[in-house]
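A quick write-up on the structure given underneath.
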Amino acid sequence: MIQALQGGHNGEPELLASCYRRSMEVAVQNHIDELAFPCISTGIFGYPKEPAASIAVTTVRSLMQMRSNLRRVVFCCFSLSDLQIYERILSQASI
């Protein structure tokens with residue numbers, strides 16, 4: 001888990017990316033072809049939304065290119081501001 005109190009100097013970006021990677025690995029192992037992710041760690045853990053979304057999109061995009069049985073990944077946004085962040089980041093590069 002990523003804690004906001006760690007101050008950003010304890011490998012938090014890599015820990016967040018590993019959450020997405022591991023989830024996708026488990027999906028592939030279990031023949032799941034669709035996943036949905038919330039904005040991981042941006043709630044109570046306080047990870048900044050913009051970098052979290054960027055990490056999510058970058059990590060998922062790179063793994064989608066390698067994992068042919070994953071057809072679709074959905075980013076679940078619970079606020080308009082989250083949606084706007086994801087829409088902007090996703091529009092910069094297609095998954």
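The values are calculated or read from the model by the stated rules, or taken from the named source; none is laboratory data. Just so we're clear, the structure is a prediction, and the values are computed from it rather than from any experiment. Here Cβ is always computed from backbone atoms with ideal geometry, including for glycine, and neighbour counts include all displayed protein chains.
Is it true that residue 47 is assigned to a helix (DSSP H, G or I) and in contact (Cβ under 8 Å) with a residue 12 or more places away in the chain? Before the answer, list the steps.
Working: assigned to a helix (DSSP H, G or I): no; in contact (Cβ under 8 Å) with a residue 12 or more places away in the chain: yes.
Against the criterion (assigned to a helix (DSSP H, G or I) and in contact (Cβ under 8 Å) with a residue 12 or more places away in the chain), residue 47 does not qualify.
Here is a list: 62, 91. Which entry is surrounded by 13 or more Cβ atoms within 10 Å (Cβ to Cβ), at pLDDT below 95 and of a type in the set (Gly, Ala, Ser)? Before the answer, list the steps.
On the way: 91 fails: surrounded by 13 or more Cβ atoms within 10 Å (Cβ to Cβ).
Result of the check over 62, 91: 62.
Take the residues in segment 29-56 that are among the aliphatic types (A, V, I, L, M) and surrounded by fewer than 17 Cβ atoms within 10 Å (Cβ to Cβ), then tell me which one is modelled with the highest pLDDT. Please lay out each step first, then the result.
Initial filter on segment 29-56 (among the aliphatic types (A, V, I, L, M)): 32, 35-36, 40, 44, 52-53, 55-56.
Filter once more, keeping what is surrounded by fewer than 17 Cβ atoms within 10 Å (Cβ to Cβ): 32, 36, 44.
Values: 32: 93, 36: 97, 44: 88.
Here the residue is 36.
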Legend entry - Close pairs from segment 62-91: first over 16 Å from residue 17 (Cβ atoms), partner polar (S, T, N, Q), Cβ under 8 Å, at least 6 apart: 82/42
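Output the residues belonging to segment 17-44 that are of a type in the set (A, V, I, L, M, F, W, C), touching a strand residue (DSSP E or B) at 6+ places or on another chain (Cβ under 9 Å) and not in a loop (DSSP other than H, G, I, E, B). I'd like the intermediate steps shown before the answer.
Narrowing segment 17-44 to residues of a type in the set (A, V, I, L, M, F, W, C): 17, 19, 24, 26-28, 32, 35-37, 39-40, 44.
Still in the list and also touching a strand residue (DSSP E or B) at 6+ places or on another chain (Cβ under 9 Å): 19, 24, 27, 35-37, 39.
Selection gives 19, 24, 27, 35, 36, 37.
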Inset, instruction - Assess whether residue 44 counts as being aliphatic (A, V, I, L, M) and in contact with a Leu (Cβ under 8 Å, 6 or more places away or on another chain). - result: no
